[in-house]
Amino acid sequence: MLSLIAVQAAATDVATLRNGFTIRHESRAPLGESTRLFLTPDGSSFIDVPTAEIVQIEHDMTPAPAPPPAPDILTTVPAPVATPGVPVRSSSSPVDVGRVVTDISGRYRLDPDLVNSVIRAESGFKVHAVSPKGAQGLMQLMPGTASKLGVPDAFDPEANVDGGTRYLRELLERYNFDLIKALAAYNAGPHRVEQYGGVPPYLETRKYVASIVRDFNRKKLAQQKAAKTAVSKPQTKVAAAAKKPAPATGN
């Protein structure tokens, strides 16, 4: 199983893996039994892949999509545009999507950052999003899928995220927690993943998986930097206190 890390635009080479997934990258370096693929020129974004999983590496200048802008997690549900045959949930009250995702991710034992990354790729955090194929809401549930998951209103943020997160958990279990296959199945359907033995050869699905992995990686790198900063500050203060001379005492 691959590390949950990124695929980056403006790459110069493409690595093809045994599961059918491809990773565009700027450069690479061996790390024991793994190979580190650097996805940006400055090396700030990378993925560690078991070397045995790499089938071939070829030159490729095809750009991957740029990451979408960060959303305002605390959103106000706008009045939806009426769509024939599509039920709408009218509400003007604020929806704390961040809280909803955190609560429901804990319920299904998933990382809320992962669920947020899926929502970003699916709907851009638009509660009333409707795709050309008819997928609805934050996690873009098809009406048939929503019905099977027991989601009566796909435009209800809590019901939608609950159904989508539960479905993602089911896919992870189905593919023995191979995240790449689970994400591909969420986008293209499990039958396509099983048909091709991995990520199907659809540009839309490959871009979809890549964008989620890249977004999740960006969040984790930011968290690591913040954690290092938080740890170093107290140490600096302790060091400064140790150098401070003891106050003089008079007789």
When L183, L168, L17 are ranked with the fewest other C-beta atoms within 10 Å first, the list becomes L17, L168, L183
Here, A230 and Q195, labelled 7 Å along Cα→Cβ, have an inter-label distance in nm of 4.6
The residues F125, F38, F177, sorted from fewest to most surrounding Cβ atoms within 10 Å, come out as F177, F38, F125
The FRET efficiency for H59 and K219, from their Cβ-Cβ distance with R0 = 35 Å and rounded to 0.05, is 0.70
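No lab work stands behind these numbers, since they all come straight from the coordinates. These numbers were taken from a predicted model, which means no experiment stands behind them. With ideal geometry, Cβ positions are generated from the backbone for all residues, glycine too; neighbour counts draw on all protein chains shown.
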